[in-house]
Amino acid sequence: MVTGRRTALAVTLAVIMGMGSAAALADGISDNVVKIGVLTDMSGQFSHESGEGAVAAVRMAIEDFGGKVRGKPIELVVADHQNKSDIALGIARKWFDVENVDMIANLINSSIALGVTQLAKDKDRIAIVNGSGSSRLTGDGCTPNSIHYAYDTYSLAKGTGTAMMKAGGTSWYFLTADYAFGHALEADTTAVIKALGGQVLGSTRYPVETSDQSSFLLQAQASKAKVVGLAGSGTVFVNAVKAAQEFGIQRNGQTLAGLLVWITDIKSLGLDVAQGLILTDAFYWDRDDETRAWSKRFSERMKRAPHMGDAIEAAGTDDAKAVMAKMREMPINDFFAKNGRIREDGRMVHDMYVYEVKKPSESKGEWDYYKLRAVIPGNEAFRSLKDSTCPLVKKG
């Protein structure tokens, strides 16, 4: 067992080992194996934010744990959901019903995550969401069988929205991806803007697979908003930033706000284009000695720096209720989070970080992209339980 680390994987496996006498686990592990499924985007626009990196992170965690739980081997299965909900649900249902997969991880794409977490509840298995960001996953879409790990739209809005408002960005226009994540990100950021006395001048929703942002950017430019908020991610976000530079949006006095930015996006854009972007993140490889040590191992495998979607993955076992209850009791201390905790709504609470992308002259080398602007304590970074719409949260 790995000492000094309690990632979601380590916590879950430790719970399994520590509960050997529990009646719920008296029959042992199904199929004499613990099966972890990574259901992710292996080939589409979110593959750089998940895909092979997510799979590599799970393999590393399994290796660190010794490859076994209570003498039973840990088996990894992987599938590409192709960013299609029907395909994702079909795979998840087969994994649960036929292949006895105990837990599904990653689940990038919020529409898919919302569907699979509900299926996990119905099948009494575990789903740990690390790729998707919709705050609905711990709101009206919460389940007793799922955990939302790295970030969500509320924390992204809180960090970037607040930073931009403090810098004078008091009027906004949104370019929003037309699916669950984009809608939630726009709504959460709008709430932050209005709470701080700002205004939203308009928004345009674009198809999630669109390749040309030109007409949308022209509308944003015509709005004269001080900030153009990009409420989307993946290759569409990268293309939008490049197109915005071509249209001269920044040169004409408007500021771009990337509301979900991955370090791989900065690599694709280059510092010449990305410099000055403000972003909120849960993980940066160069934050401290622990992040640098783990990131070095990851980079040796993947030939790139890791991001928050790679840094934490998880595993599960047969008795979902028993394991989930125990996981909520245990603090999480690792290279990703210090004194992290899992609330009753499924949110893993931890600090978030606001960064600014460096100028080329400030960077000391490849992947040296960020400088820290602010730390948001976990109790401020995520929506409070008193404001939660999760039916699992007891109030009063």
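Within region 234-252, being in a loop (DSSP other than H, G, I, E, B) and open to solvent by less than 60 Å² (accessible area, probe 1.4 Å) holds for Gly234, Gly248, Ile249. Ser361 meets the conditions (1) open to solvent by less than 10 Å² (accessible area, probe 1.4 Å); (2) more than 25 Å from Phe65 (Cβ to Cβ) in every case but one. The failed one is (1).
Given the residues Thr170, Thr204, Thr162, Thr189, which is the only one that is open to solvent by 50 Å² or more (accessible area, probe 1.4 Å) and of a type in the set (Val, Ile, Thr)?
Working: Thr204 fails: open to solvent by 50 Å² or more (accessible area, probe 1.4 Å); Thr162 fails: open to solvent by 50 Å² or more (accessible area, probe 1.4 Å); Thr189 fails: open to solvent by 50 Å² or more (accessible area, probe 1.4 Å).
Step by step, each of Thr170, Thr204, Thr162, Thr189 is checked, and only Thr170 is open to solvent by 50 Å² or more (accessible area, probe 1.4 Å) and of a type in the set (Val, Ile, Thr).
In region 373-396, the residue that is farthest from Ser135 (Cα to Cα) out of those that are open to solvent by 100 Å² or more (accessible area, probe 1.4 Å) and without any contact (Cβ under 8 Å) to a residue 60 or more places away in the chain is Gly396. Cβ contacts < 7 Å: first residue under 15 Å from Gln118 (Cβ atoms), restricted to region 77-92; second residue modelled with pLDDT under 95 and part of a helix (DSSP H, G or I), any location; separation 6+ or different chain. Result? So the pair list comes out as Ser85/Ser111.
With respect to the conditions (1) within 18 Å of the chain's Cα centre (by Cα); (2) at pLDDT below 95, Asp345 falls short on a single one, namely (2).
The residue that is modelled with the lowest pLDDT, counting only those in region 88-108 that are surrounded by fewer than 23 Cβ atoms within 10 Å (Cβ to Cβ) and assigned to a loop (DSSP other than H, G, I, E, B), is Asn100. Just a yes or no: is a residue in region 211-218 open to solvent by 10 Å² or more (accessible area, probe 1.4 Å) and at pLDDT 90 or above? Checked against the condition, which is being open to solvent by 10 Å² or more (accessible area, probe 1.4 Å) and at pLDDT 90 or above, region 211-218 yields at least one hit.
Against the list (1) modelled with pLDDT of 50 or more; (2) within 25 Å of Arg328 (Cβ to Cβ); (3) open to solvent by less than 30 Å² (accessible area, probe 1.4 Å), the condition Asp41 fails is (2).
Asp289 satisfies every condition listed in (1) more than 20 Å from the chain's Cα centre (by Cα); (2) surrounded by fewer than 23 Cβ atoms within 10 Å (Cβ to Cβ); (3) in contact (Cβ under 8 Å) with a residue 60 or more places away in the chain except (3). Can you name the number of the only condition in (1) outside any loop (DSSP other than H, G, I, E, B); (2) closer than 19 Å to Gly234 by Cα; (3) open to solvent by less than 10 Å² (accessible area, probe 1.4 Å); (4) touching a residue at least 40 places away in the same chain (Cβ under 8 Å) that Val58 fails? It is condition (2) that Val58 fails.
Could you go through region 66-87 and let me know if any residue there is crowded, with 22+ Cβ neighbours inside 10 Å and either among the hydroxyl-bearing types (Ser, Thr, Tyr) or assigned to a helix (DSSP H, G or I) (or both). For region 66-87, residues crowded, with 22+ Cβ neighbours inside 10 Å and either among the hydroxyl-bearing types (Ser, Thr, Tyr) or assigned to a helix (DSSP H, G or I) (or both): absent. Residues in region 253-262 that are crowded, with 19+ Cβ neighbours inside 10 Å and assigned to a loop (DSSP other than H, G, I, E, B): 5 in all. A count restricted to region 267-277 and to residues that are β-branched (Val, Ile, Thr) and crowded, with 24+ Cβ neighbours inside 10 Å stands at 0.
Can you find a residue that is of a type in the set (Gly, Ala, Ser), assigned to a helix (DSSP H, G or I) and either free of Cβ contacts under 8 Å to residues at least 12 places away in the same chain or open to solvent by less than 10 Å² (accessible area, probe 1.4 Å) (or both) anywhere in region 137-153? Within region 137-153 (the criterion being of a type in the set (Gly, Ala, Ser), assigned to a helix (DSSP H, G or I) and either free of Cβ contacts under 8 Å to residues at least 12 places away in the same chain or open to solvent by less than 10 Å² (accessible area, probe 1.4 Å) (or both)), the answer is no, since none of the residues qualifies.
Annotation: of all residues in region 168-182 being outside any strand (DSSP E or B) and not hydrophobic (A, V, I, L, M, F, W, C), the one that is nearest to the chain's Cα centre (by Cα) is Gly182.
The values are calculated or read from the model by the stated rules, or taken from the named source; none is laboratory data. Quantities reported herein were computed from a predicted structural model and do not represent experimental measurements. With ideal geometry, Cβ positions are generated from the backbone for all residues, glycine too; neighbour counts draw on all protein chains shown. In case anyone asks, the SASA skips ligands and DNA or RNA and just uses the protein heavy atoms, side chains included. Shrake-Rupley method; radii C 1.70, N 1.55, O 1.52, S 1.80 Å.
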